[in-house]
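Novice: Below you will find the structure I want to go over with you.
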């Protein structure tokens, strides 16, 4: 479990509170990560949607016809095109995958990059999404679009450590079950890292 996620502290009772808390914890857009030799740059969007009952995070389930990571829960995103910034990639991919117009996203900053086992260096781009957004999934890439409460993702009780044997080695990973879907792998690691940056926050 991540110590402190459930600690008492400032309540994020409005979109402005959430925005302020995130901005204080994120890397500014003026400081994008430097390219890392041997790693493929990629970016994902952590899109927070403010609701009266509390903020949520937009997640997808990858299409069953994809060649890799079939059916897995993911954040909208993908490989960076030449010359793109991480936020340009994240917004482009979110538009392609779930029909999210970039004008509906207020980009706030960057969370910690994640090195995947397939040698992608994924930069999470964090933003606030207009609550009136209606997703339209691209059938070639996305089977489902759904929102998961931030309060659930910040709760240590939501997560459990699991293990899998691969290439003769036991690998440990974190997973959470939400509404019949399993959040694990890179997506879980990225969300948990951002959760650590929000230590002490609770959500209305």
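What follows draws every value from the coordinates through simple rules; no lab data is involved. What you see is a predicted model; the values in this text were computed from it and never measured. Cβ sites come from the backbone with ideal geometry, for glycine too, and all protein chains shown count toward neighbours.
Novice: Give the range 88-106 a look and list any residue that's under 21 Å from residue 33 (Cα atoms) and assigned to a helix (DSSP H, G or I), or say none.
Specialist: Hits for the range 88-106 are 88, 89, 90, 91, 92, 93, 94.
Novice: Quick one: would you say residue 147 is assigned to a loop (DSSP other than H, G, I, E, B) and surrounded by 15 or more Cβ atoms within 10 Å (Cβ to Cβ)?
Specialist: Criteria not met by residue 147.
Novice: Go through the range 107-127 residue by residue and tally those that are more than 12 Å from the chain's Cα centre (by Cα) and either assigned to a strand (DSSP E or B) or under 11 Å from residue 45 (Cα atoms) (or both).
Specialist: Looking only at that region, the number is 6.
Novice: Here's another thing I want to ask about it. Need the failing condition index for residue 191 against (1) under 16 Å from residue 44 (Cα atoms); (2) part of a helix (DSSP H, G or I); (3) out of contact with any helix residue (DSSP H, G or I) (no Cβ under 8 Å at 6 or more places or on another chain), just the number.
Specialist: Residue 191 satisfies all of (1) under 16 Å from residue 44 (Cα atoms); (2) part of a helix (DSSP H, G or I); (3) out of contact with any helix residue (DSSP H, G or I) (no Cβ under 8 Å at 6 or more places or on another chain) except (3).
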